[in-house]
Amino acid sequence: MAIELPTATTLGPTIDALLAKRANSHPHTVFLRFADGDLTFEATHQRSERLAAGLASLGVSKGDVVPVLLPNSPEFVLTWLALCRLGAVACLVNTAFRGPALAHALGVTDAHTVVVHDGFAEQLAEVAHALPHLERVVALGDVPASEVGEATMLRWHEVDGAPATLPPHVGHVATDPAMILFTSGTTGPSKGCVLSHRYTLRQASLMAQHLGFRDDDVLYCPFPLFHIDATVLTVAPALVLGTTAAIGERFSVSGFWPEVRRFGATVFDFMGATLTMLHKQPEQPDDLDNRVRLGWGVPVPESAAAFERRFGLQLVELYGSTDAGLPMYHPIDVPRRQGSCGTVIDAYDVLLVDADGFEVPVGEPGELLVRPNEPSLIADGYFGMPEATMRARRNLWFHTGDLLRRDADGFFYFVGRRTDSIRRRGENISAFEVEEVVKLHPAVLDAAAYGVPSEFTEDDVMVAVVVRAGATFDPAELTSFCIDRMARHMVPRYIDVVDELPRTPTEKVRKDALRERGLTPTTWDRERG
């Protein structure tokens with residue numbers, strides 16, 4: 001059965017319309033794979049239709065924003081798809097949010113209905129005062145849910161499979177919003193990116209094209225479904241291709257490869273230090289015993305070639321964000337340029353600019369500005385935050401806040417976040433570049449660089465280090481290691497050994513928590529020995 005997918009010149013279907021077509025064209029193909037079982041396209045469509053009917057009977061309709069606080073599970077995806085069917089908007093909330101962060105994320109929605117797992121109901125109850133319009137909570141889980149303000153509490157089974165007649169298609173179109181995904185909020189309040197049906201399916205189509213996904217792939221993601229990697233870049237490509245999305249409960253160094261084998265994964269994604277952490281595990285006789293042919297993500301470490309040989313796969317780096325989509329891919333059919341996140345695809349134009357907005361020369365770092373050449377290819381703004389939306393879109397470009405440089409052949413290299421630079425004695429230092437060197441040390445499993453106040457004004461460079469199990473670590477030796485590999489002004493003054501780095505559920509380091517902690521009694525100071 002022919003299915004019109006979004007192209008450069010067409011809007012394409014809505015998410016729910018594509019699911020209905022897949023249920024006819026691929027009824028018995030496994031669409032969703034979780035640890036507790038599989039769902040075919042036909043079963044996914046039927047269950048999401050029943051859930052849509054139940055939610056409609058509660059008054060959920062086109063344009064309503066419904067926050068979802070669920071762990072990775074079939075019910076998470078079914079809720080999202082059911083809301084798409086109704087033309088409603090799933091607000092996929094980071095389940096680590098609580099207190100002011102959760103109140104902010106939920107408060108902008110004016111929600112009447114919230115879907116929550118019992119494990120997060122207490123967090124929801126703590127901020128009920130910020131939800132004056134909340135009327136009902138649909139709770140999923142095995143234990144009684146906490147009361148949430150004056151809201152009516154409903155169990156999942158009371159809504160799923162409700163006998164109410166599903167209303168006809170409500171007339172929503174591809175450019176209507178399908179979901180809200182929040183930025184990580186590591187440096188400020190999280191912003192809810194409004195993503196359309198077209199954004200979701202077009203990004204999925206472009207990814208399949210530029211990474212060479214196949215219709216017999218099993219696309220595996222161990223990260224949360226409230227993150228773009230799991231929803232837009234794993235579930236949506238499987239929907240576009242008519243193949244399987246395998247979603248893990250969470251990323252685990254020890255559990256990663258067993259789950260990859262159990263799921264039959266052929267493609268996986270990575271982020272942050274996950275590749276380095278996997279590579280620094282002791283080699284095993286069955287390292288090559290996997291079906292994976294491709295891993296994609298950012299960053300690809302310098303140990304990439306050794307990782308590829310060890311596990312028998314190809315690693316590909318790209319550049320993207322929830323706000324901007326994915327404007328860059330490293331071509332899969334050309335030799336890797338170490339450290340490069342690739343070249344710009346035809347669907348986008350980009351610029352690198354200085355602090356005044358003027359384009360920087362080739363080789364110089366500048367803030368990346370993005371402009372799409374198609375409708376609905378970047379987020380449609382930050383929900384409930386018009387001023388932040390306008391700031392990010394000044395001068396007719398989307399301002400990413402990321403610093404990149406470009407070589408003479410058009411390959412781009414990530415330098416760091418504009419807000420994650422360290423100013424030391426008149427020099428701007430990329431925390432990312434410091435971390436990349438520190439992580440090369442054989443005793444270091446993970447590291448984060450950040451600025452702490454200096455007695456000479458501005459900042460000094462501090463690094464929090466997680467030591468590899470069984471390794472002997474000497475801060476002075478790490479300093480010598482850094483001196484040989486980076487400019488003197490970048491060499492860390494302070495080194496802290498920590499058991500683990502504070503992270504968001506999407507594996508981004510909480511630099512704000514590290515800066516707030518500052519120097520500790522165990523901090524090693526290079527200037528004092």
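Return an integer: the convex hull volume of the alpha-carbon atoms of region 425-525, in Å³ per residue.
104
Along the charge dipole of region 367-486, Cβ charges K/R +1 and D/E -1, which of 421, 369, 404 sits furthest on the positive end?
369
Within 10 Å of each candidate Cβ there may be at most 12 other Cβ atoms; applying that plus a DSSP loop requirement, which chymotrypsin sites (Phe, Trp or Tyr not before Pro) in region 413-512 survive?
456
Strictly over 32 Å apart at the Cα level, which of 62/511; 191/439; 21/508 would you flag in this model?
62/511; 21/508
Where the centroid of each part is defined by its Cα atoms, how far is region 465-525 from region 199-262 in Å?
32
Considering only region 425-525, what is the antiparallel percent among its DSSP beta bridges, to the nearest 5?
In region 425-525, DSSP labels about 75 percent of beta bridges as antiparallel.
Take the alpha-carbon positions of the chain, form their convex hull, and give its projected area averaged over all directions (one quarter of the hull surface) in nm².
25.1
Let's see if you can work this out: charge +1 on each Lys and Arg Cβ, -1 on each Asp and Glu Cβ, no other charges. What is the dipole magnitude of region 374-438 about its Cα centre, in debye to the nearest 20?
Result for region 374-438 is approximately 400 debye, rounded to the nearest 20.
For n ≥ 4 DSSP H runs only, could you compute -39500 (n - 2.57) per run for the chain, divide by its residues and tell me the 222 nm figure to the nearest 500?
The per-residue figure over the chain is -7000 deg cm²/dmol.
What list of ³J(HN,Hα) values in whole Hz, one per residue of region 101-114 in order, does the Karplus curve 6.51 cos²θ - 1.76 cosθ + 1.60 (θ = phi - 60°) give from phi, with Gly and Pro shown as x?
Each residue's phi maps through the Karplus curve to give 5, 6, 4, 5, 5, 7, x, 6, 8, 6, 5, 9, 10, 10 Hz.
If you build the Cα gyration tensor of region 40-172 and take the root of 5 times each eigenvalue, what three semi-axes come out, in whole angstrom, biggest first?
Ellipsoid half-lengths, sorted descending, are 23, 15, 13 Å.
List the GluC sites (Glu not before Pro) within region 243-335 that fall in a DSSP loop (any state other than H, G, I, E or B) and whose Cβ has at most 16 other Cβ atoms within 10 Å.
Passing both the DSSP loop test and the Cβ count: 249, 283, 302.
Find, among the trypsin sites (Lys or Arg not before Pro) in region 85-173, those assigned to loop by DSSP (not H, G, I, E, B) with at most 15 other beta-carbon atoms within 10 angstrom.
Taking region 85-173 and a limit of 15 other Cβ atoms within 10 Å, the loop trypsin sites (Lys or Arg not before Pro) found are 98.
Indicate, rounded to the nearest 5 percent, the antiparallel portion of the DSSP beta bridges found entirely in the chain.
55
What residues qualify as long-range amide H neighbours of residue 218, i.e. H under 5 Å apart, gap of 5 or more or another chain, H built at 1.01 Å from N?
266, 267
Suppose every K and R has +1 on its Cβ and every D and E has -1 on its Cβ; what is the size of the dipole of the chain about the Cα centre, in Debye to the nearest 20?
Here the chain has a charge dipole of around 380 debye.
Considering Cα pairs under 8 angstrom that are at least six residues apart, work out the relative contact order of the chain and quote it in whole percent.
In percent, rounded to a whole number, it is 11.
Taking θ as phi - 60°, what are the ³J(HN,Hα) couplings along region 293-309 by the Karplus curve (6.51, -1.76, 1.60), each to the nearest whole Hz, with x for Gly and Pro?
Result, ordered by residue: 10, 8, x, 10, x, 7, x, 8, x, 5, 7, 4, 4, 5, 4, 4, 5 Hz.
Apply the a/c threshold of 1.5 to the C-alpha gyration tensor of region 205-248 and tell me whether it is rounded, prolate or oblate.
Cα axes put region 205-248 in the prolate bin.
Read-outs throughout are calculated quantities, based only on the coordinates presented, and are distinct from any laboratory measurement. What you see is a predicted model, and the numbers here were worked out from it, not measured in a lab. A quick note on method: Cβ atoms are made from the backbone with ideal geometry, for glycine too, and the neighbour counts reach across all protein chains shown.
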